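Reviewing the structure listed below.
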Amino acid sequence: SDGTLACWGSNNYGQRTPPGGTFTQVSAGYWHNCGIKNDGTLVCWGYDAFDQSTPPSGTFTQISAGRSHTCGIISDGMIACWGLNNYGQSTPPGGLFTHVSAGYFHNCGIKSDGTLACWGLNDYGQLFAYKIYLPVIMR
């Protein structure tokens with residue numbers, strides 16, 4: 001309730017050892033985690049072989065850690081992704097977004113007009129994005 005983080009489980013890459021400070025959001029990836037501090041800046045910790053724990057500078061409103069990549073919504077509504085990009089999972093589409101969710105090798109995001117956009121690996125049809133408008137309560 002005071003905004004500090006507590007992590008538990010495996011700690012073979014330091015993913016159970018969060019930095020100090022207060023946070024508004026946190027996301028657990030495969031072997032790394034990221035959080036948004038109260039001032040909107042990002043901090044990530046844990047496994048960093050693909051730079052998935054090396055966030056860009058700036059302020060963010062939402063964060064989602066995937067397997068070996070991370071995506072976040074910048075304060076201006078654009079998405080930034082970093083880390084492994086072997087299937088295009090760290091190359092987001094343009095446009096303004098309100099939400100992003102990172103998966104194993106793919107991501108999906110809700111654009112500001114309510115449509116869904118997905119990118120990355122599509123081996124099981126996980127990128128099938130169609131025009132959908134979310135109810136006002138979900139926005």
Completion exercise
From the option list 83, 95, 114, 125, single residue qualifying as at pLDDT below 95 and open to solvent by 20 Å² or more (accessible area, probe 1.4 Å) is 125
Problem - From the options 42, 5, residue that is of a type outside the set (S, T, N, Q) and touching a Cys at 6+ places or on another chain (Cβ under 8 Å) - result: 42
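To keep it simple, each residue is scored yes or no on (1) within 19 Å of residue 3 (Cβ to Cβ); (2) of a type in the set (Asp, Glu); (3) surrounded by fewer than 19 Cβ atoms within 10 Å (Cβ to Cβ); (4) at pLDDT 95 or above.
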position	(1), (2), (3), (4)
37	yes, no, yes, yes
40	yes, no, yes, yes
43	yes, no, no, yes
48	no, yes, yes, yes
53	no, no, no, yes
69	no, no, no, yes
72	yes, no, no, yes
76	no, yes, yes, yes
87	no, no, yes, yes
Exercise for the section: Search region 5-18 for residues that are open to solvent by less than 40 Å² (accessible area, probe 1.4 Å) and pair each with any residue that is of a type in the set (A, V, I, L, M, F, W, C) and in a loop (DSSP other than H, G, I, E, B) when their beta-carbon atoms are under 9 Å apart and the residues are at least 6 apart or on different chains. Expected result: 15/7; 15/31; 18/5; 18/6; 18/7
Practice task
Answer yes if at least one residue in region 45-58 is in contact (Cβ under 8 Å) with a residue 24 or more places away in the chain, under 22 Å from residue 21 (Cβ atoms) and touching a Pro at 6+ places or on another chain (Cβ under 7 Å), and no otherwise.
Solution key: yes
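Being in a strand (DSSP E or B) and out of contact with any Gly (no Cβ under 8 Å at 6 or more places or on another chain) is the filter here; which residues of region 94-115 pass it?
The first filter runs over region 94-115 and keeps only residues in a strand (DSSP E or B), leaving 97-102, 106-111.
Within region 94-115, 108, 109, 110 qualify.
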Exercise for the section: Return yes when residue 11 is modelled with pLDDT of 95 or more, of a type outside the set (Val, Ile, Thr) and more than 19 Å from the chain's Cα centre (by Cα) and no when it is not. Expected result: yes
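The values are calculated or read from the model by the stated rules, or taken from the named source; none is laboratory data. Keep in mind it's a predicted model, so treat the numbers as computed, not measured. Note: ideal-geometry Cβ built from the backbone for every residue, glycine included; neighbour counts use all protein chains shown. For accessibility, only protein heavy atoms count, side chains too; no ligands or nucleic acids. Shrake-Rupley method; radii C 1.70, N 1.55, O 1.52, S 1.80 Å.
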